[in-house]
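Engineer: Please find one structure pasted underneath; my questions will follow.
The values are calculated or read from the model by the stated rules, or taken from the named source; none is laboratory data. Owing to the predicted nature of the structure, the values given are computational and were not obtained by experimental measurement. Ideal geometry is used to build each Cβ from the backbone, glycine not excepted, and the neighbour counts take in all protein chains shown.
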Amino acid sequence: MGETTYELLSLGLRYWFILLIFLTLLRAYFLMRSDRRAYLQTLRQLPDAGLIGEVVNLATGEGQPLPREGMIGASRSCDIRVPELHRREMEFVFRPGFGVKLIPIHRKHQVLIDSEPLIKGVDYALHGTVLDIRGTQLRFRLFAGLDLPMRQTAFAPEVQVSQSSFDVQEPLPIITSIPEPTPPADSTNEMEMTWQFAPLPPETFEPAPQPLIRRRRRSERKMGEDHHE
């Protein structure tokens, strides 16, 4: 065999492998399409098979079945399709004992869950949870019997304000003139001449210390004895 034959054979095998790859991809596409049709047909026959509830669009009232895991977005391949959203907006996975875990795809998302910012990997949707995605509100309605915790709604306690706190107090009387001081009382003793509203304090007398008196008496006795001697 000459060199020309080898070149033709290698060129033919190259295109043959390309044709095999194309046929393999085409076969895989038809298999996936048939599986998708069988899955949808099974869901039509058994609506609750593999589902955990439904998602209701509060703006239109339309409800869509909620599988255990899937995608929320505007694409046709999404399990929960909402035309107002991006093609692929959010992933969700049901975890027994916790709820439906919500995973936003975009880093800078504007998602609220029960009027609170959604924390990625922390917040879970329960029965009655309202998901707000840029103004589009979706309510989760889960089947009874699922392993779910109790949903706790935060509410602000009512503050009872008494009406007496708003009562207007009467204004204090305004002093227009200062009263004149009371003149001193007439008395012969100059020490008692003082203002009536500030009387003099009573006089106090301090007694002499007793030890000094005793020492003086002892010294006098001693001097008298010396004088007699």
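Engineer: Please identify the pairs in which a residue from the stretch 64-82 that is in the same structural domain as Pro96 (by TED's automatic domain parsing) and in contact (Cβ under 8 Å) with a residue 60 or more places away in the chain has its Cβ atom under 6 Å from the Cβ atom of a residue that is buried (at least 17 other Cβ atoms within 10 Å of the Cβ) and among the aromatic types (Phe, Trp, Tyr), counting only partners at least 6 apart or on another chain.
Structural biologist: So the pair list comes out empty.
Engineer: Tell me whether the stretch 48-56 contains one or more residues that are over 22 Å from Arg37 (Cα atoms), of a type in the set (Val, Ile, Thr), at pLDDT 85 or above and loosely packed, with under 14 Cβ neighbours inside 10 Å.
Structural biologist: No, there is no match, as no residue in the stretch 48-56 is over 22 Å from Arg37 (Cα atoms), of a type in the set (Val, Ile, Thr), at pLDDT 85 or above and loosely packed, with under 14 Cβ neighbours inside 10 Å.
Engineer: Moving on. How many residues are more than 15 Å from Leu138 (Cα to Cα) and either touching a His at 6+ places or on another chain (Cβ under 8 Å) or surrounded by 14 or more Cβ atoms within 10 Å (Cβ to Cβ) (or both) if we restrict to the stretch 104-117?
Structural biologist: Of the residues in the stretch 104-117, 3 are more than 15 Å from Leu138 (Cα to Cα) and either touching a His at 6+ places or on another chain (Cβ under 8 Å) or surrounded by 14 or more Cβ atoms within 10 Å (Cβ to Cβ) (or both).
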